[in-house]
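Have a look at the structure below, then the notes.
The values are calculated or read from the model by the stated rules, or taken from the named source; none is laboratory data. What you see is a predicted model; the values in this text were computed from it and never measured. No Cβ is skipped: glycine too gets one built from the backbone with ideal geometry, and neighbour counts run over all protein chains shown.
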Amino acid sequence: MGQLPNEKILDEMQDLLSVASDSTRLKILMAICDEEHNVTELVSLVGASQSLVSHQLEVLRRHRLVTTRKEGRKVYYVVSDDHVNALLNVVYQHVIEKDRE
C-alpha cells in the first residue's frame, strides 16, 4: 500500500471491518459466499430468528456487502462481489492456518 490512506478512507475501512465483526453477520456472509439464499433458508443455516437475520441482512445491504435478487415474493441474498469473497477467504485462511501452528 505504501502511504497511509486519508482519514475518510480509514474511517470507512474501520466501519466496514466492524460490520463484519458480528458473528451472526459472519455466518450469513459465509452462507451466501458461493450461493444465494433467501431469509427462510438463512434462518435455518445460521440458527437465528427471522427478525435477527432480516435485521442483519439490512445492515449488510446498507454497507454494500450483499446484493439481492427478487423471485416472486422471495428475496435472495448473495455477497456483493469478489472483494467480499476475498476478504472472507483471507480471514478464514489466516485463522485456520494460525490454528495449525
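Could you identify the single residue in V91, V84 that is under 11 Å from the mean Cα position of the chain (by Cα), among the aliphatic types (A, V, I, L, M) and within 11 Å of L29 (Cβ to Cβ)? So that I can check it myself, show each step before the final result.
Numbers: V91 fails: under 11 Å from the mean Cα position of the chain (by Cα).
It is V84.
Any idea which of R61, R100 is at pLDDT below 95 and either touching a Gly at 6+ places or on another chain (Cβ under 6 Å) or basic (K, R) (or both)? First the steps, then the outcome.
Working: R61 fails: at pLDDT below 95.
Sole residue among the options that is at pLDDT below 95 and either touching a Gly at 6+ places or on another chain (Cβ under 6 Å) or basic (K, R) (or both): R100.
What are the pairs, 6+ residues apart or on separate chains, where a residue within region 45-69 that is free of Cβ contacts under 8 Å to residues at least 12 places away in the same chain has its Cβ under 9 Å from a residue that is among the acidic types (D, E)?
T68/E36
So in region 25-54, with the set limited to residues that are among the small types (G, A, S) and surrounded by fewer than 17 Cβ atoms within 10 Å (Cβ to Cβ), which one is nearest to V75 (Cα to Cα)? Please lay out each step first, then the result.
So the first thing to find is which residues in region 25-54 are among the small types (G, A, S), and the list is 31, 44, 47-49, 51, 54.
Those still in the list that are surrounded by fewer than 17 Cβ atoms within 10 Å (Cβ to Cβ) too: 44, 47, 49, 51, 54.
Values: S44: 16, G47: 19, S49: 17, S51: 15, S54: 11 Å.
Ranking the qualifying residues of region 25-54, first place goes to S54.
Take the residues in region 1-14 that are exposed (fewer than 11 other Cβ atoms within 10 Å of the Cβ) and not polar (S, T, N, Q), then tell me which one is nearest to L65 (Cα to Cα).
Here is the first cut: in region 1-14, the ones exposed (fewer than 11 other Cβ atoms within 10 Å of the Cβ) are 1-4, 6-9, 14.
Adding the requirement that they be not polar (S, T, N, Q) leaves 1-2, 4, 7-9.
Numbers: M1: 23, G2: 26, L4: 24, E7: 21, K8: 19, I9: 17 Å.
Filtering region 1-14 for residues that are exposed (fewer than 11 other Cβ atoms within 10 Å of the Cβ) and not polar (S, T, N, Q), the one nearest to L65 (Cα to Cα) comes out as I9.
Scan region 17-39 and give yes if some residue there is modelled with pLDDT under 95, more than 16 Å from the chain's Cα centre (by Cα) and of a type in the set (D, E), otherwise no.
Checking region 17-39: not a single residue is modelled with pLDDT under 95, more than 16 Å from the chain's Cα centre (by Cα) and of a type in the set (D, E).
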